[in-house]
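Q: The following block contains the structure, expressed as structure tokens.
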């Protein structure tokens, strides 16, 4: 249950615009479902079926929503990817993880989900993306890429996923044309000692670390991979070698 004493910060009330479903915007229903997007955005819904289309409705200032319904202050501490729902305006909010809903739904519809992660806990920005669901739906190891922009890696992993659905298999140690234009890739198995650091939702979905995942590396302009001592240093720095055990 969310703490009832949390409050939106003043800068959020001054600057933030939220997406509101038509039923709420037209004052036909109260807010019963709140979603916090990965980018920190807010969606306020009435709880009825909207066919998962968060783009319908209207954009309204957060301060107006809170003024009309002060009980929304209780969800101000909601973290990105989380949601909160209640049965009625006078009922308490119950918090949940939105990705726990979206991941299985996406896997059921498309065959895999691509998780995008931007992490600065290591002192420098660390960006990576990985698939969830391929061992279940494609009988193929999961895939992870590190070091490019997350959107680029998402596109690359989705292209590789489509190739796998058409019968392709990524063989460790074998070069293949990269979904990232103009580069060569190679895949190597990730050592299980890295799973907890990189595969949070993957571990959640599989229920254990009993699954395989391949790291997809890209070569520098001379075709050299990070483990080659002559590889471009910046290229190598961007791609930690997860095939080696964590020290």
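Q: Sort through 235, 153 and tell me the only one that's under 30 Å from residue 108 (Cβ atoms) and in contact (Cβ under 8 Å) with a residue 12 or more places away in the chain. Steps first, answer last, please.
A: Working: 235 fails: under 30 Å from residue 108 (Cβ atoms).
None of the others qualify; the one that does is 153.
Q: From the residues in the range 37-60 that are modelled with pLDDT of 85 or more and out of contact with any helix residue (DSSP H, G or I) (no Cβ under 8 Å at 6 or more places or on another chain), which one is farthest from residue 84 (Cα to Cα)? Break it down stepwise before answering.
A: At the first step, the residues of the range 37-60 found to be modelled with pLDDT of 85 or more are 41-46, 58-60.
Filter once more, so that each one left must be out of contact with any helix residue (DSSP H, G or I) (no Cβ under 8 Å at 6 or more places or on another chain): 41, 43, 59.
On the way: 41: 14, 43: 11, 59: 19 Å.
Across the range 37-60, the extreme among qualifying residues is 59.
Q: A further question on this structure: Does the range 167-179 include one or more residues that are buried (at least 17 other Cβ atoms within 10 Å of the Cβ), closer than 30 Å to residue 98 by Cα and either out of contact with any helix residue (DSSP H, G or I) (no Cβ under 9 Å at 6 or more places or on another chain) or in the same structural domain as residue 107 (by TED's automatic domain parsing) (or both)?
A: Let us first name the residues in the range 167-179 that are buried (at least 17 other Cβ atoms within 10 Å of the Cβ), namely 170, 178-179.
Filter again for closer than 30 Å to residue 98 by Cα, leaving 179.
Narrowing the set further to residues that are either out of contact with any helix residue (DSSP H, G or I) (no Cβ under 9 Å at 6 or more places or on another chain) or in the same structural domain as residue 107 (by TED's automatic domain parsing) (or both) leaves 179.
Among the residues of the range 167-179, at least one is buried (at least 17 other Cβ atoms within 10 Å of the Cβ), closer than 30 Å to residue 98 by Cα and either out of contact with any helix residue (DSSP H, G or I) (no Cβ under 9 Å at 6 or more places or on another chain) or in the same structural domain as residue 107 (by TED's automatic domain parsing) (or both), which makes the answer yes.
Q: Still on this structure: Can you name the residue in the range 17-33 that is part of a loop (DSSP other than H, G, I, E, B) and in contact with a strand residue (DSSP E or B) (Cβ under 7 Å, 6 or more places away or on another chain) and, of all such residues, is surrounded by the most Cβ atoms within 10 Å (Cβ to Cβ)? Outline the logic, then answer.
A: Filtering the range 17-33 down to residues part of a loop (DSSP other than H, G, I, E, B) leaves 21, 26-32.
With the extra rule that they be in contact with a strand residue (DSSP E or B) (Cβ under 7 Å, 6 or more places away or on another chain), the set shrinks to 21, 31-32.
Numbers: 21: 23, 31: 25, 32: 20.
Out of the qualifying residues, it is 31.
Q: Something else now. So which residues in the range 120-137 are at pLDDT below 95, in a loop (DSSP other than H, G, I, E, B) and within 23 Å of residue 170 (Cβ to Cβ), if there are any at all?
A: Selection gives nothing.
Q: Kindly evaluate residue 107 against the criterion of being assigned to a strand (DSSP E or B), surrounded by 14 or more Cβ atoms within 10 Å (Cβ to Cβ) and within 19 Å of the chain's Cα centre (by Cα).
A: Details: assigned to a strand (DSSP E or B): no; surrounded by 14 or more Cβ atoms within 10 Å (Cβ to Cβ): yes; within 19 Å of the chain's Cα centre (by Cα): yes.
When the stated conditions are applied, residue 107 does not pass them.
The values are calculated or read from the model by the stated rules, or taken from the named source; none is laboratory data. Everything quoted here is computed from the prediction, not taken from an experiment. Please note: Cβ atoms are built from the backbone with ideal geometry, for glycine as well, and neighbour counts cover all protein chains shown.
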